[in-house]
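The values are calculated or read from the model by the stated rules, or taken from the named source; none is laboratory data. Just so it is clear, the model here is predicted, and its values are computed rather than measured. All Cβ positions, glycine included, derive from the backbone under ideal geometry; neighbour counts span all protein chains shown. Ligands, DNA and RNA are stripped out before the accessible areas are found, and what is left, the full protein with its side chains, is counted by its heavy atoms. Shrake-Rupley method; radii C 1.70, N 1.55, O 1.52, S 1.80 Å.
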Amino acid sequence: MKLQMMTWLEVEDYLRRSRGIILPVGSTEQHGPIGLIGTDALCAERIAEIAAESANAIVAPTLALTPAPFNMSFPGTLSLSAGVFKSLVSEIIEGLMHHGFDSIYFLNGHGANLAPLQAVAAQHANARVRIRSWWDFDDVSRLRDSYYGHWEGMHATPSEVAITQAAHRLVPPHPLAETPPEPLPDGFLQAHAGDRHGPPDEHRKRFPDGRVGSHSALATPSHGAEFISVAAGVVARDYLQFLASGNAKPA
């Protein structure tokens, strides 16, 4: 159930049986020659919606405007400062708690969101918060590795492009995407975890087509449907476990 598609009476009734809510968080940034600018938000939103159907949960409106400063040299990217993003998330948590939601499950689709989300969660000790990225789970990781191996890369990944192909739109092939990108050197993923990519002009110079070690053209809609199914299943189970754990702490 989408919160914005419910009446206040329906929300009030829901709160009589559950105090949990799933909140998808993504970004609005370039995702290579064949990736949609809304990819991170679209992936988190779609997986959250399917997981919520299984878990009988409410899905809050997706947060699609988040920090993505490193991609601001690519047209279409919109980026919030980390401070503005943290203030926004903090007020959303306070609003949800005001209405009685005390278990907030953030489903993330963008690496740069993690540090700000964790910082805000730590400030709200009276809220039960869990933060998960849709790719965190072993079942999803195995699927990504089986289809793409090292060509999954880091940004404009074939797995996330596949999800948008299945759920939204298949972008026509583009010559820039057909050629494999420059493979990432050893240690790059660890060194740049959390999307620590540096100034936007330098980032575009290093990765001129927007892909960061990711061979997006390997994506297919059928892969995407499988990713959605697998990820939604494990997210639903993790969400229900979160609700059942009475001593959950912000994470």
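The share of Cα pairs per 5 Å bin across segment 181-251, counted from zero up to the longest distance, runs 3, 12, 13, 14, 12, 16, 14, 10, 5, 1 percent.
The equivalent ellipsoid that matches the C-alpha gyration tensor of segment 82-153 spans semi-axes of 30, 14, 8 angstrom, in descending order.
What separates the Cα centres of segment 181-197 and segment 98-117 is a distance of 25 Å. Normalising the Debye intensity of segment 13-158 to I(0), with uniform scatterers on Cα atoms only, and taking log10 at q = 0.09, 0.10, 0.15 Å⁻¹ returns -0.29, -0.36, -0.79. When the solvent-accessible area of the chain is split by element, carbon and sulfur atoms take up 55 percent of it, the probe being 1.4 Å.
Might you tell me the accessible area per residue for the chain, computed with a 1.4 Å probe and given in Å²?
Accessible surface, normalised per residue, equals 45 Å².
A straight chain from HIS98 to ALA191 at 0.36 nm per residue would run longer than the Cα-Cα distance by 29.6 nm. Computed packing ranks the peptides 30-37, 223-230 as 30-37, 223-230, most packed first, by mean other Cβ atoms within 10 Å.
Of THR164, THR220, the residue with the largest accessible area leads and the full order is THR220, THR164 (1.4 Å probe).
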